[in-house]
1. Restricting the first residue to region 104-123 and requiring it to be at negative phi, which pairs with a second residue that is basic (K, R) and not in a helix (DSSP H, G or I) meet a Cβ separation below 8 Å and a spacing of at least six or different chains?
2. If I ask for residues that are aromatic (F, W, Y) and open to solvent by 60 Å² or more (accessible area, probe 1.4 Å), which ones from region 58-86 would you list?
3. Which of the residues that make up region 160-181 are open to solvent by less than 30 Å² (accessible area, probe 1.4 Å) and either modelled with pLDDT of 75 or more or in a loop (DSSP other than H, G, I, E, B) (or both)?
4. Determine whether region 118-135 contains at least one residue that is among the β-branched types (V, I, T), within 25 Å of D31 (Cβ to Cβ), open to solvent by 40 Å² or more (accessible area, probe 1.4 Å) and modelled with pLDDT of 70 or more.
5. Name the residue, out of Q59, Q44, that is polar (S, T, N, Q) and closer than 23 Å to W139 by Cα.
6. Looking only at region 195-209, filter to residues that are part of a helix (DSSP H, G or I) and within 22 Å of the chain's Cα centre (by Cα); which one of those is modelled with the lowest pLDDT?
7. Can you confirm whether M45 is open to solvent by 20 Å² or more (accessible area, probe 1.4 Å) and closer than 16 Å to V22 by Cβ?
8. Name the pairs whose Cβ atoms lie under 6 Å apart, with the first residue in region 193-210 and of a type in the set (S, T, N, Q), the second open to solvent by 30 Å² or more (accessible area, probe 1.4 Å) and at pLDDT 75 or above, and 6 or more positions between them or separate chains?
Amino acid sequence: MKKILLVLAMSLCGTAFAGERVDCRVVGVHDGDTLTCLAAGNRQMKVRLFGIDAPETKQSFGTRAKQTLSDAVYGKQVAVETMDTDRYGRTVGRVLLGGQDINLQQVKQGMAWVYTQYTKDLAYLAAEQVARSAKRGLWAEPNPVRPSDFRHGGGGAEQAAVDPVFKQPVAVAAGALKKFCSQMTSCADAKQALAAGFKNLDGDGDGVPCEKLCRP
């Protein structure tokens, strides 16, 4: 009985199970990586696009990223391949339109970073590198700031660091060296910074900073 009630509660609040494929119509686009859709029975789902991180509204290209996602999916029937539920109760998943990976399209158009803390998908990483080289979207900016850094106060001018995947220069906030995972070169550096008080390095609060480095 408890299990039945739990399933019912999750259904009512719009939470999907990991691994579920949900067909729904997009009724709202909140930013470049978050939307709301209606599934069967008018079940409302707020979906955070997996593996990408679009610029915040107050960042350069924040509005453009939202508009690009809206142009692609608003009012359309999509399929959501669910993967998780985040701490805000949003369904985390891959949004497909006619078989096309919309998450990946945002990256290809330079409207989102790959969220390397959560995915190592080579297709996404390669798409970001191509967009970066072609200066598409946000990459047209001389010093784009990662949204995750912006949210934690690193929204100023930037200097060069080294991307841990492609070993090429990427932007980091000036005056904030060794304060963000994108700037770390080793797990030891990340742990030292966490101990120094930079809690943003431990996004899920499990005590392990920069999990791409410390949990390869």
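1. K108/R136; Q109/R136; W113/R146
2. If we filter region 58-86 for residues that are aromatic (F, W, Y), which is where we start, we get 61, 74.
Y74, the sole residue that qualifies.
3. Matches in region 160-181: D163, A176, F180.
4. For region 118-135, residues among the β-branched types (V, I, T), within 25 Å of D31 (Cβ to Cβ), open to solvent by 40 Å² or more (accessible area, probe 1.4 Å) and modelled with pLDDT of 70 or more: present.
5. When all the criteria are applied, what remains is Q59.
6. Our first condition is that a residue be part of a helix (DSSP H, G or I); within region 195-209, this holds for 195, 199-201.
Filter once more, so that each one left must be within 22 Å of the chain's Cα centre (by Cα): 199-201.
Values: K199: 74, N200: 79, L201: 81.
Among them, the one singled out is K199.
7. Working: open to solvent by 20 Å² or more (accessible area, probe 1.4 Å): no; closer than 16 Å to V22 by Cβ: yes.
In short, no.
8. Taking only residues 6 or more apart or on different chains, the pairs are N200/H152.
The values are calculated or read from the model by the stated rules, or taken from the named source; none is laboratory data. From a predicted model like this one, the values you see are computed outputs, not experimental measurements. All Cβ positions, glycine included, derive from the backbone under ideal geometry; neighbour counts span all protein chains shown. Note: accessible area is taken over every heavy atom of the protein model, side chains too, but ligands, DNA and RNA are not part of it. Shrake-Rupley method; radii C 1.70, N 1.55, O 1.52, S 1.80 Å.
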